[in-house]
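Q: I am attaching a structure below and will ask some questions about it afterwards.
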Amino acid sequence: MSAPSDTTTTELGDDADLPRPFRSVYAYWREQRAGGAAGPGVDDFHLDELDPKILPWSVLVDVIGEPLDFRFRFWGTERSNLIGEELTGKTTAATPTAYMRDANHREYANVVARRLPALCDTPVTTTTGRETVFQSMRLPLFGPDGRVARIFSAMNYEQINDVSYEYYGTLRTAG
């Protein structure tokens, strides 16, 4: 399994034209910003207030320590079905493919460094040569000290296909 090229990352402004699955989450994230803040605080962003269709395809990561790393606080059920593992409580090191592990870490680190939301398109190639793209939106959530303390991430579930599952060696489940 390899990638034909690196992730394409687009920083999102208030007028971002997003794929349909991301629109309501991004609007909610923007609404939760207090007084012109870069983004909402961790206590202002509530998973139970998001579109229920996006939650199974979402993760919430804690930004941890030095060296910079990320621990999955919440891992959606459809993400588990896709990759064949449940990662709640684990760090990005537990991601089952090296390419996706490195890509996720780079994308999260970019959000921490830039303090901005991002749309990420990560192309992958399966062992049989089939190609697809995983599209994710990464939204920073801030701690009381003004640093990025968590990142909410959601996959564009409308782009998930049989090749997506083939990449991880899993099968699409009904539902």
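The values are calculated or read from the model by the stated rules, or taken from the named source; none is laboratory data. Since the structure is predicted, the reported quantities are computational estimates derived from the model, not experimental observations. Neighbour counts are summed over all protein chains in view; Cβ atoms, including those assigned to glycine, are modelled from backbone coordinates with ideal geometry.
Q: Please determine, by comparing only the residues of region 26-46 that are in contact (Cβ under 8 Å) with a residue 40 or more places away in the chain and aliphatic (A, V, I, L, M), which one is surrounded by the most Cβ atoms within 10 Å (Cβ to Cβ).
A: Filtering first and then ranking leaves Val42.
Q: Does region 90-110 contain at least one residue that is free of Cβ contacts under 8 Å to residues at least 60 places away in the same chain, crowded, with 20+ Cβ neighbours inside 10 Å, over 15 Å from Thr9 (Cα atoms) and in contact with a Phe, Trp or Tyr (Cβ under 7 Å, 6 or more places away or on another chain)?
A: yes
Q: Moving to a separate point now. Please list, ordered by first then second residue, the pairs with beta carbon atoms under 6 Å, 6 or more apart or interchain, first in region 1-24 and over 26 Å from Thr97 (Cβ atoms), second modelled with pLDDT of 70 or more and among the charged types (D, E, K, R).
A: Ser24/Asp51
Q: Consider Arg138 carefully, then state whether it is within 16 Å of the chain's Cα centre (by Cα), basic (Lys, Arg) and closer than 30 Å to Ala37 by Cα.
A: For Arg138, the condition - within 16 Å of the chain's Cα centre (by Cα), basic (Lys, Arg) and closer than 30 Å to Ala37 by Cα - is met.
Q: Report, by residue number, each residue of region 147-175 that is outside any helix (DSSP H, G or I), of a type outside the set (D, E, K, R) and touching a residue at least 60 places away in the same chain (Cβ under 8 Å).
A: Scanning region 147-175 gives Val148, Ala149, Ile151, Phe152, Ser153, Ala154, Met155, Asn156, Ile160, Gly169, Thr170, Thr173.
Q: When you look at Ser153, is it modelled with pLDDT of 95 or more and surrounded by 15 or more Cβ atoms within 10 Å (Cβ to Cβ), yes or no?
A: yes
Q: Here's something else I'd like to know. Out of Arg71, Arg23, which single residue is surrounded by fewer than 18 Cβ atoms within 10 Å (Cβ to Cβ) and farther than 23 Å from Glu166 by Cβ?
A: Answer to the check: Arg23.
Q: So which of Glu85, Glu78, Glu49 ends up being within 21 Å of Thr132 (Cα to Cα), free of Cβ contacts under 8 Å to residues at least 24 places away in the same chain and in contact with a helix residue (DSSP H, G or I) (Cβ under 9 Å, 6 or more places away or on another chain)? First the steps, then the outcome.
A: Details: Glu78 fails: free of Cβ contacts under 8 Å to residues at least 24 places away in the same chain; Glu49 fails: within 21 Å of Thr132 (Cα to Cα).
Being within 21 Å of Thr132 (Cα to Cα), free of Cβ contacts under 8 Å to residues at least 24 places away in the same chain and in contact with a helix residue (DSSP H, G or I) (Cβ under 9 Å, 6 or more places away or on another chain) holds for just one of Glu85, Glu78, Glu49, which is Glu85.
Q: Report, by residue number, each residue of region 120-146 that is part of a strand (DSSP E or B), surrounded by fewer than 22 Cβ atoms within 10 Å (Cβ to Cβ) and charged (D, E, K, R).
A: Listed by number, the residues that qualify are Asp121, Glu131.
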